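Take a look at the structure set out below.
What follows is calculated from the coordinates using simple rules that are stated; it is not laboratory data. Given the structure is predicted, the values throughout are model-derived calculations rather than measurements. Every residue, glycine among them, receives a Cβ derived from its backbone with ideal geometry; neighbour counts consider all protein chains shown.
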Amino acid sequence: MSEPYVRIFDTTLRDGEQSPGATMTSAEKLEVARGLARLGVDVIEAGFPAASPDDLEAVRRIAIEVGNSADGGRVPIICGLARATKSDIDKAWQAVQPAARPRIHTFLATSEIHMQYKLRMTRQQVLERVAEMVAYARSLCEDVEFSPEDAGRSDPEFLYEVLAVAIRAGATTLNIPDTVGYTTPDEFGALIAGIIQNTPGIENCIVSVHCHNDLGLATANTLAGLRAGARQAEVTINGIGERAGNTALEEVVMALHTRPQFYGLHTGIDTTQISRISKLVSNYTGLPVQPNKAIVGANAFAHEAGIHQDGMLKHSLTYEIMRPETVGATQSKLVLGKHSGRHALRTRLAALGYALDESEMDQVFERFKHLADRKKTITDADLEALVSDELYQPREFFALDGLQVACGTMGMPTATVRLRGPDGQLHVSAAVGTGPVDAAYKAIDAIVKAPNTLQEFVVHAVTEGIDALGEVTVRIEGIDALLQISPQREAEVPRTFGGYGADTDIVVASVKAYLAALNKLLVASGQYGSVEQSAVQPV
Ligand code: KIV
Ligand code: ZN
């Protein structure tokens with residue numbers, strides 16, 4: 001009987017970040033990586049270093065800062081993805097090497113369709129390339145993962161051969177991806193069982209599963225793979241990822257946690273951190289979580305029907321299979337307020353896992369005091385929103401300096417905005433719109449001149465009560481001409497960008513979120529230099 005421990009390999013920062021609009025700044029990625037370490041994931045796939053110098057740098061920073069810290073109780077493995085080429089593998093190694101526990105993950109497609117049309121390689125050539133590149137990765141790094149891309153549609157007999165070659169070349173983890181989300185749970189479970197039974201040398205390796213959600217089967221397929229003997233699950237927070245997304249971490253972890261008798265498997269995840277990391281990822285990517293999403297949706301623990309409420313009042317087990325506090329869905333209400341000092345704030349932030357330097361602390365403390373003047377009780381959720389809004393915004397080419405709106409039933413909604421631009425100068429513009437947010441966005445557009453379409457605009461309150469902080473996430477799509485997208489750069493340049501803002505005034509929060517997304521768009525357009533060279537510091 002194999003061991004019951006399942007390694008959780010989180011790929012939010014790599015496969016997850018490939019979702020349209022999910023592009024995160026390096027500061028945001030670092031914060032997500034810290035959250036993943038606190039959550040207790042075993043492996044953080046921090047990115048695809050060959051994609052761009054910025055990606056390489058972001059992975060390297062995570063390797064240095066998160067891959068050497070035991071804040072989450074133990075040091076996570078930091079992994080970088082590489083195609084099966086020397087140059088990709090070199091870049092992945094350069095990025096992950098500073099981590100205490102580095103991993104290189106290399107992949108090559110094995111389905112007929114991919115080999116014939118994408119790679120234009122024969123089976124023999126694929127076998128040779130796998131042998132050569134896995135051995136090369138292993139010459140650099142002790143811990144090497146290999147994935148036969150599109151394994152779900154590959155000939156199983158050929159897979160056994162490829163995997164055996166990878167094992168002989170030094171692979172320590174063999175990951176089986178259902179790249180296009182095509183398989184069904186029975187098929188995928190049988191594929192994993194077949195691989196375990198027929199691949200020479202596999203008993204000394206970890207078998208991993210990596211599923212996509214095109215048919216809504218990613219979690220079911222992953223669990224079927226684990227039942228068949230896989231001991232690593234590749235997942236993302238909120239299930240974000242290419243197309244319909246990847247397997248959701250929270251779903252797999254809570255299925256194993258809630259049904260121990262059935263699965264007999266466990267993970268090292270601190271489930272009470274799940275809600276928090278879900279929110280962080282949603283804020284930074286601008287990808288909202290659907291209200292009925294399992295485990296982390298706003299309604300996941302809400303009981304509306306009278307008959308359910310009646311049952312719940314009699315005994316919570318009537319309709320509840322998990323307690324909301326098990327996934328951290330009920331935040332503690334630590335009351336910090338007007339009279340709380342810097343020390344109390346620092347202590348609470350440290351308990352939440354934020355280690356701020358003095359200047360960051362100054363910024364956050366000022367915002368905290370300002371908020372405490374307007375809101376009596378400041379909860380952990382408020383503090384997290386405030387830190388995200390204050391510290392983890394993209395570099396600001398254009399920063400909000402002032403906003404005034406007039407709206408209501410008696411006139412035309414009008415907004416006047418004042419922005420500090422990359423030239424250090426203040427720019428003022430006024431516009432009318434269908435509402436105050438529309439007017440403010442039009443006034444901003446007149447200054448920033450970065451044509452885009454607003455794809456998503458979501459507002460919600462961080463806590464209950466009329467004085468609650470409002471959070472806004474937006475997603476915008478830039479036009480090809482602005483982003484200089486040519487047919488050659490088509491696949492490389494992101495088009496959609498998310499932004500997040502929080503304030504007790506939701507029009508201010510909306511403006512901050514829009515500016516955050518616009519600033520990311522401007523970074524991608526290359527108009528004002530690279531991300532690290534902003535002329536304007538946050539105001
Ligand atoms: O879905 C996939 O095939 C991947 C591989 C790179 C593992 O993401
Ligand atoms: Zn994938």
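The distance between label points at residue 484 and residue 3 comes to 4.9 nm (points 7 Å beyond Cα on the Cα→Cβ vector). Axis of helix 380-391 versus longest Cα principal axis of the chain: the two differ by about 90°, to the nearest ten degrees.
Starting from 0 in steps of 5 Å, tell me what percent of the Cα-Cα pairs of region 399-538 lands in each bin. P(r) over region 399-538, rounded to whole percents: 2, 10, 18, 21, 21, 14, 8, 4, 2, 0, 0. Principal-axis analysis of the Cα atoms of the chain puts helix 274-285 at an angle of about 70° to the longest axis. Each of 412, 312, 133 was scored by other Cβ atoms within 10 Å of its Cβ. Listed from fewest to most, they are 412, 312, 133. Determine which aspartates and glutamates satisfy two conditions relative to residue 91: a Cα distance under 15 Å, and not lying fewer than 8 residues away in the same chain. The reachable aspartates and glutamates, counting only those whose Cα sits under 15 Å from residue 91, are 45, 54, 55, 57. Percent of C-alpha pairs per 20 Å bin in the chain, short distances first: 21, 53, 24, 2.
Stokes-Einstein diffusion of region 1-102 at 37 °C, 0.692 mPa s viscosity, Kirkwood radius from Cα pairs, rounded to a whole number: 244 µm²/s. Taking 0.36 nm per residue of separation and subtracting the current Cα-Cα distance, fully stretching the chain between residue 352 and residue 505 would add 52.6 nm. Out of every Cα-Cα pair that region 98-170 contains, those further apart than 17 angstrom amount to 40 percent. Per-residue ellipticity at 222 nm from helix content only, as computed over the chain with -39500 (n - 2.57) for each DSSP H run of at least four residues, stands at -12000 deg cm²/dmol. Modelled spin-label separation between residue 310 and residue 376, with each label point placed 7 Å from Cα along the Cα-to-Cβ direction: 3.5 nm. Residues 375, 442, 86, 520, arranged from fewest to most other Cβ atoms within 10 angstrom of their Cβ, appear as 86, 442, 375, 520.
Give the order of 269, 295 when sorted by the count of other beta carbons within 10 angstrom, beginning with the fewest.
Details: 269 22, 295 26.
Ranking 269, 295 by Cβ neighbours within 10 Å, fewest first, gives 269, 295.
When the alpha carbon gyration tensor of region 62-133 is reduced to an equivalent ellipsoid, its three semi-axes come out at 32, 11, 9 angstrom, largest first. Let a ≥ b ≥ c be the square roots of the eigenvalues of the Cα gyration tensor of region 364-455; is it rounded (a/c under 1.5), or, if not, prolate (a/b larger than b/c) or oblate? Because a/c hits 1.5 or more and a/b fails to exceed b/c, region 364-455 counts as oblate.
Going down the list 314/338; 118/293; 369/512, which pairs span over 31 Å between their C-alpha atoms? Show your work: numbers first, answer last.
Details: 314/338 40 Å; 118/293 35 Å; 369/512 19 Å.
Exceeds cut-off: 314/338; 118/293.
Cα extents for region 7-285 along the principal axes, largest to smallest and rounded to whole angstrom: 45, 43, 34. Is region 111-150 best put as rounded, prolate or oblate by its Cα gyration tensor, with a ≥ b ≥ c the root eigenvalues, rounded for a/c under 1.5, and otherwise prolate when a/b is larger than b/c, oblate when not? It is prolate, given that a/c is not under 1.5 and a/b is the larger ratio. For the chain, the longest principal axis of the C-alpha atoms and the axis of helix 436-448 are separated by about 80°.
Charges at C-beta only: +1 for Lys and Arg, -1 for Asp and Glu. How large is the resulting dipole of region 7-285 about its Cα centre, in Debye rounded to 20? Walk me through the intermediate numbers first.
Working: 26 positive and 35 negative charges, 80 e Å.
The calculated dipole for region 7-285 is roughly 380 debye.
Here each label is just a point 7 Å from Cα along the line to Cβ, and for residue 270 and residue 362 those points are 3.1 nm apart.
Extension gain, residue 302-residue 116: 0.36 nm per intervening residue step, less the Cα-Cα distance, totals 62.0 nm. Take the convex hull of the alpha carbons in region 47-176; its mean projected area over all directions comes to 7.8 nm². Apply the a/c threshold of 1.5 to the C-alpha gyration tensor of region 332-391 and tell me whether it is rounded, prolate or oblate. Judged from the Cα gyration tensor, region 332-391 comes out rounded (a/c under 1.5). For residue 29, a cut-off of 17 angstrom between C-alpha atoms picks up these lysines, skipping any fewer than 8 places away in its own chain: 279, 520. Once the Cα-Cα distance is subtracted from the 0.36 nm per residue extended length, the residue 54 to residue 455 segment shows a gain of 141.8 nm.
With charges set only on the Cβ (+1 for Lys and Arg, -1 for Asp and Glu), what does the dipole of the chain come to about its Cα centre, in debye to the nearest 20? Kindly include the intermediate steps, with their values, before the conclusion.
Working: 49 positive and 67 negative charges, 121 e Å.
Its charge dipole is roughly 580 debye.
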